[in-house]
Amino acid sequence: MPFIRRSGVTSHLIFAIAAAAIGSSFQHGYNTGVVNAPTDLIKQFINETFHERFDEYPEKGTISLIFSIMVSIFCVGGMIGALLTAYVAEKFGRKGGLLWNNVFVFVAAALMGFSKLCRSYEMLILGRFFIGFNAGLNAGLAPMYLTEISPVNLRGAIGTIYQLVITISILISNILGIPEIFGTEDKWPILFAATVVPSIFMLATLPLCPESPKHILIIQGRDVNAQRALTWFRGTIEVHDEMDEMRAEYEAMKLVPKVTLHEMWYNPTLRQPLVIAVVVMLSQQLSGINAAMYFSTDIFEKAGLVKKEALYSTMGMGVINVAMTLVSLILVDRCGRRTLHLFGLAGMAVTTVILTLCLALNYIKVFGYISIVAVFAFVIMFATGPGSIPWFLVAELFGAGARAVATSIAVAVNWSANFVVGLAFLPLMESIRGNVFLIFTFLLALFWLFTYKKVPETKGKTAEEIAAVFRQKAYQIN
Ligand SMILES: *[C@@H]1O[C@H](CO)[C@@H](O)[C@H](O)[C@H]1NC(C)=O
């Protein structure tokens, strides 16, 4: 099959993608969505446990506070995990780091799964912290591994798989959380413990795949082993061109001192891509996507749907998110990252304006329906680019020498922004109501301008070619 040979898709590559992406990205998506459906059940559990201990019922505010800590500590764990990505990726390797990271999944699943049995909501909180830590590391390591094992012409599509699995696992968490499955008073701990299943899958499959050839060559300096790994992924011994590119990157890296935070900031050829990576990550989280996700059930109810229909519409939103991320996967290596990201941001900005109008006028029935369409359009635009591109763009913007440190910073920024939106949205929503979406309109416009002016197209370029773009720009500035 000459097409497959040329495009670089081999059964080994597909196996490695599945092994690395499913077990890692699942933790990130599943645990983002898992608290939604059983919210009332968990609040009741907090209520009862508190009652048993102190012999009085907690106030509503106390329950909400404990619940919010449980939800948001996931992001705190994520930030810390992300910051450790650089250390873990260099010390244990991309693959080794992903494998070891599963220890935290087992700890977290045990803590959360037994929390009800032990009558302890602290265990639930601690478990959420550990699974957040795990997801933070995964969000750095998995896109790095996926980007490094991909042939250049497929790098975008393979990088998008990280976000694709996130969207699928959010959907899975919503489905498993319905009362007919695990969304009951007795069974919700199973819902939380189920997060261990994809880890077992990873532990069974990823050890059969080699480490990223770039890591083997550029970080460890082992040429023969790198070539062997690359041969495994490509299914051919004719990997000379790709090996030569990697060797060139290795030689170039030996010329610069070890990449530290200081070096990242004072060396303009590293600072530019770092600023881009950070702003692109911010554009994903500060686009307001999570606000829309949380708010969706509310909007649908306001539009005249009953609770159950509203829940199913939220699930429909999840399906659209998956479907559009798939479309983006197909488009990203044709249209380019920059184009899709710009298109998505612009579309999101327009829909936030429409949404604000609809929310202001929602006493007129028809605007209720338009607001449903607007929320769906918002998700479609998100999935087109801003949902998936930031994860792998970071890895693309840097050579292997600086990649781990840059990923660490960018992913930590992503989790921090996620945390801030999660905390700030509800209070803002209560004080300025639907106008809260205008804040996102403003931010989206800024991110669009930045992307238009600063973000280069990375489609089809090798690490060396991308580095050359930044060298040239730095030269022009000086
Ligand atoms: C806590 O549980 C008790 C007993 O079931 C109930 O009366 C009370 O309303 C609950 N408190 C809250 C804030 O839900």
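Charge dipole of the chain (Cα centre as origin; +1 on each Lys and Arg Cβ, -1 on each Asp and Glu Cβ, all else neutral): 860 debye, rounded to the nearest 20. Among 459-472, 331-344, the peptide with the highest mean count of other Cβ atoms within 10 Å heads the list, and the full ranking is 331-344, 459-472.
From the alpha carbon centroid of the stretch 316-387 to that of the stretch 202-253 is 38 Å. Taking every protein chain into account, the accessible area of the chain amounts to 42 square angstrom per residue (probe 1.4 Å).
Where the alpha-carbon atoms of the stretch 1-209 are placed on the principal axes, they occupy 71, 38, 26 Å, in descending order. Taking other residues whose beta carbon is less than 15 angstrom from the beta carbon of residue 248, and scoring Lys, Arg as +1 and Asp, Glu as -1, yields -4. Between the Cα long axis of helix 39-54 and the first principal axis of the chain there is an angle of about 70°, rounded to the nearest 10. Each residue of the stretch 95-106 is assigned a 3J(HN,Hα), and the resulting list reads 5, x, x, 4, 5, 4, 4, 5, 3, 5, 5, 5 Hz, derived from the Karplus form 6.51 cos²θ - 1.76 cosθ + 1.60 (θ = phi - 60°), x at Gly and Pro. For the chain, the relative contact order comes to 23 percent (Cα pairs under 8 Å, sequence separation of at least 6).
Ellipsoid fit via the Cα gyration tensor, the stretch 100-255: semi-axes of 40, 16, 13 Å, each the root of five times an eigenvalue, largest first. Estimated from helices alone, the mean residue ellipticity of the chain at 222 nm is -26500 deg cm²/dmol (sum of -39500 (n - 2.57) over DSSP H runs with n ≥ 4, per residue).
Candidates 300, 392, 475 compared by Cα position along the dipole of the stretch 256-478: farthest toward the positive end lies 475, with charges placed on Cβ. Computed with the Debye formula from one identical point scatterer per Cα of the chain, without solvent, the log10 of I(q)/I(0) at q = 0.06 Å⁻¹ comes to -0.27. Solvent-accessible area assigned to carbon and sulfur over the stretch 1-142 amounts to 69 percent, based on a 1.4 Å probe.
Scaled against 2.2 N^0.38 Å for its residue count N, the alpha carbon radius of gyration of the stretch 333-478 is 1.25.
Beyond 27 Å in Cα-Cα separation lie the following of the pairs 91/454; 258/473; 187/308: 91/454. Here is the P(r) of the stretch 237-293: all C-alpha pair distances, binned every 5 Å from 0, give 4, 14, 14, 13, 14, 13, 11, 9, 6, 2 in whole percents. Counting protein heavy atoms only, the stretch 256-478 has 71 percent of its accessible area on carbon and sulfur, 1.4 angstrom probe.
The values are calculated or read from the model by the stated rules, or taken from the named source; none is laboratory data. This is a predicted model, so every value here is computed, not measured. All Cβ positions, glycine included, derive from the backbone under ideal geometry; neighbour counts span all protein chains shown. Remember, those area values only see protein heavy atoms, side chains included, never the ligands or the DNA or RNA. Shrake-Rupley method; radii C 1.70, N 1.55, O 1.52, S 1.80 Å.
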